[in-house]
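Note sheet for the following structure.
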Amino acid sequence: MDRNEINMQGAGITAIGGSVHVLDLGQPGGPASDEVLIVVKAAGVGNWDDLVRTGQWNVGATPPMALGVEAAGVIEAVGDEVTNLAPGDEVMTHPLPLRRQGTWADKLIAPAVLIARKPRNASWESAAAFPVPALTAEQVLGETLQVRKGEWVLVHGAGGVTGGVIVQLAVAKGAVVIATASSASAERLRRYGAMAVLDHHNAEWPTKVRELTDSGAGVSAAVNAARGGAKGALQAVARGGRLATITGDPPQTESGITAWSVYVRPDGARLEALAESFAAGQISIHVAATYPVEDAAVALAAAVSGRVGGAAVLVMREST
């Protein structure tokens, strides 16, 4: 049988709220004029994928569908209008809204403008888990908070994948970073460049943040990456400061503090620039667990639990 006639396999749902299982997705077809067709090597798994599964995040496709919103792979074909990419290119993407299927599939159709080249020093697994956390970090620090060199920045809930990238990017921007996390993540966050890592299980951590900053005033900018943690993070922000939360829970502010909720936005050009930061060693992704596509439900449950200790990744093909 011709390889192009073999039906595509993936992992996803047949109904909103349904369980995750392996699906026969038919043939992917060829790319439209502005699209590329990617052979997926690996795909990231995050708690955000459960929002898609349960209908809380509309990513542009409907069941039956493969889940997944980030991936890395090799371009197999390009559309007629695509001139900056070619078959054989190693790439990564956060391709929303989805054109046909999610990224937990053998192949992926994606718009060329949302494609970035995979850093040469990145594994397939790291590249697959990079787009959503990296774009979130840049959109929080660069666009929303506009963090400046020398500024005190708090990252609350820094032990997760996205929190860790936020710490690294804030350090790369020249900020003085205070992180909160469990003791298990403390050493890794110090390696990322955090000036101090506080145990978020200690109820006095906001006070300790203030004590660490100049004159005990608190940080001028904070990012909350802990579910339900925005109110606590607010207590560590100085008068007139800024707070951004990526967990959808902006608190009532006081003392002139400004707060935002930030939701990740696809951006191929920005992802390309962040890939350069990865290649330069300024950002890395800690991949804690890999799973075959048949175990996608297990991978998703692990990501939602928050106990993976790093990124969870589906390996779709041999990553060699």
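Tabulated data for the structure shown
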item	result
Every residue from the range 52-85 that is of a type in the set (A, V, I, L, M, F, W, C), in a loop (DSSP other than H, G, I, E, B), crowded, with 18+ Cβ neighbours inside 10 Å and touching a helix residue (DSSP H, G or I) at 6+ places or on another chain (Cβ under 7 Å)	VAL59, LEU67, VAL69, VAL82
Tally of residues being crowded, with 22+ Cβ neighbours inside 10 Å and among the aromatic types (Phe, Trp, Tyr) across the range 159-209	1
Matching residues in the range 95-114 - criterion: being part of a loop (DSSP other than H, G, I, E, B) and either basic (Lys, Arg) or closer than 21 Å to TYR291 by Cα (or both)	ARG99, ARG100, GLN101, GLY102, THR103, TRP104, ASP106
The range 219-248 residues that are more than 18 Å from MET195 (Cα to Cα), paired with ones that are aromatic (Phe, Trp, Tyr) and part of a loop (DSSP other than H, G, I, E, B) (beta carbon under 8 Å, 6 or more apart)	ILE246/TYR263; GLY248/TYR263
Candidate set from the range 296-316 (those that are under 17 Å from TRP124 (Cβ atoms) and part of a helix (DSSP H, G or I)); member that is nearest to the chain's Cα centre (by Cα)	ALA299
Any hit, the range 136-147, residues being touching a residue at least 40 places away in the same chain (Cβ under 8 Å), acidic (Asp, Glu) and closer than 26 Å to ALA288 by Cβ	yes
Matching residues in the range 115-150 - criterion: being modelled with pLDDT of 95 or more, surrounded by fewer than 20 Cβ atoms within 10 Å (Cβ to Cβ) and not in a helix (DSSP H, G or I)	ARG117, SER123, GLN146, ARG148, LYS149, GLY150
Residue check for THR93: polar (S, T, N, Q) and in the same structural domain as TYR291 (by TED's automatic domain parsing)	yes
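This table checks each residue for (1) of a type in the set (Lys, Arg); (2) in the same structural domain as THR83 (by TED's automatic domain parsing); (3) within 30 Å of GLY26 (Cα to Cα).
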position: ASP106; (1), (2), (3): no, yes, yes
position: ILE115; (1), (2), (3): no, yes, yes
position: LYS118; (1), (2), (3): yes, yes, yes
position: LEU145; (1), (2), (3): no, no, no
position: GLU151; (1), (2), (3): no, no, no
position: GLY160; (1), (2), (3): no, no, no
position: GLY163; (1), (2), (3): no, no, no
position: LEU169; (1), (2), (3): no, no, no
position: VAL176; (1), (2), (3): no, no, no
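Let's see how each residue does on (1) in contact with a Phe, Trp or Tyr (Cβ under 9 Å, 6 or more places away or on another chain); (2) crowded, with 24+ Cβ neighbours inside 10 Å; (3) under 12 Å from ALA43 (Cβ atoms):
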site	(1), (2), (3)
THR93	no, yes, yes
GLN101	no, yes, yes
ASP106	no, no, yes
ALA112	no, no, no
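The values are calculated or read from the model by the stated rules, or taken from the named source; none is laboratory data. What you see is a predicted model, and the numbers here were worked out from it, not measured in a lab. Cβ sites come from the backbone with ideal geometry, for glycine too, and all protein chains shown count toward neighbours.
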